[in-house]
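Engineer: Here you go, one structure.
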Amino acid sequence: MKTRFEHSAGGVVYRLTPSGPEIALASRRTQSGALAWGIPKGLIEPGESPGETAVREVREETGLEAEIRHPMGDLGYWYVWNGERVRKKVTVVLMEAVGGDVSQHDHEMEEIRWFPLSEAADVVTYGSERELIPRVAEMLAAPSPDS
C-alpha cells in the first residue's frame, strides 16, 4: 500500500463565559458517513506557517476569528484514505475566539457548536484530540506570565 505524509495545523478554540470556559468543536462526516466531532484543522499550504494555517482553518471551518494564545504541540496518527495509507502530523495551538460567527462555517463542516470545557472531552470523537481537553483546562487555570 502506498504511503504519504501530511502536515496540518489546527486550533482548540475557547471563549470565557460567566459559567466557565467553552470550546468550539466542529462536526463533519467521515468517509463511512459517521458524524465525527473535533477541532478545526487543515493542510499547511506552501509558504504558510503552522500558526497561519491554524488561524485560517479556524476562520474557514468555524466562521470564528481567533488569536493564538499557546502552542500545544503535535498530534500524530495514521489513517487510510482511498486505499492509501496517510501518516498525519497536526500542529495544534490554543486559540481564543475574538470575533466571527459560527453560522458562517464552511460547507466541509456539518455543525459548529460551543461546549462547556467540562463536557468537551466527552464529545470529541478521536482519542488524540480528546487528550487535548484536560491540557486546555490546565493552561486556562495557570497564571499568565504577565501576572
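Engineer: Looking only at residues that are surrounded by 20 or more Cβ atoms within 10 Å (Cβ to Cβ) and among the charged types (D, E, K, R) in segment 45-69, which one is nearest to G10 (Cα to Cα)?
Structural biologist: Here the residue is E57.
Engineer: Report, ordered by the first and then the second residue, all pairs with beta carbons closer than 8 Å, sequence separation of six or more or different chains, a first member in segment 82-106 that is on the phi > 0 side of the Ramachandran plot, and a second member that is outside any strand (DSSP E or B) and modelled with pLDDT under 90.
Structural biologist: Final answer for the pair search is G83/M1.
Engineer: Could you grab me the full set of residues in segment 104-147 that are among the acidic types (D, E), assigned to a helix (DSSP H, G or I) and within 23 Å of Y79 (Cα to Cα)?
Structural biologist: Passing the criteria: D122, E129.
Engineer: Take the residues in segment 1-44 that are surrounded by 11 or more Cβ atoms within 10 Å (Cβ to Cβ) and charged (D, E, K, R); name whichever of them is farthest from R69 (Cα to Cα).
Structural biologist: For segment 1-44, the residue satisfying everything is R29.
Engineer: Name the residue that is surrounded by the fewest Cβ atoms within 10 Å (Cβ to Cβ), counting only residues in segment 107-130 that are without any contact (Cβ under 8 Å) to a residue 40 or more places away in the chain and of a type outside the set (A, V, I, L, M, F, W, C). Talk me through it step by step, then tell me what you get.
Structural biologist: Step one: list which residues in segment 107-130 are without any contact (Cβ under 8 Å) to a residue 40 or more places away in the chain, which gives 107, 119, 121-122, 127, 130.
Filter once more, keeping what is of a type outside the set (A, V, I, L, M, F, W, C): 107, 119, 122, 127, 130.
Working: H107: 6, E119: 11, D122: 10, G127: 9, R130: 16.
The extreme case among them is H107.
Engineer: In addition: Please note which strands (runs of 3 or more DSSP E) are completely contained in segment 1-103 and include at least 2 residues that are touching a His at 6+ places or on another chain (Cβ under 9 Å), modelled with pLDDT of 95 or more and within 16 Å of R135 (Cα to Cα).
Structural biologist: 84-100
Engineer: Within segment 59-84, track down each residue that is under 30 Å from K2 (Cβ atoms) and either of a type outside the set (D, E, K, R) or touching a Lys or Arg at 6+ places or on another chain (Cβ under 7 Å) (or both).
Structural biologist: Let us first name the residues in segment 59-84 that are under 30 Å from K2 (Cβ atoms), namely 60-61, 73-84.
Listed by number, the residues that qualify are G73, D74, L75, G76, Y77, W78, Y79, V80, W81, N82, G83, E84.
Engineer: I'm trying to understand the selection: among the residues of segment 70-91, which are within 21 Å of F115 (Cβ to Cβ) and either of a type in the set (D, E) or crowded, with 18+ Cβ neighbours inside 10 Å (or both)? First the steps, then the outcome.
Structural biologist: As a first pass, look at segment 70-91 and keep what is within 21 Å of F115 (Cβ to Cβ): 70, 72, 75, 90.
Residues satisfying the conditions are M72, L75, V90.
The values are calculated or read from the model by the stated rules, or taken from the named source; none is laboratory data. Here the structure is a predicted model, which means the values were calculated and not measured. Counting neighbours? That spans all protein chains shown, and the Cβs are built from the backbone with ideal geometry, glycine included.
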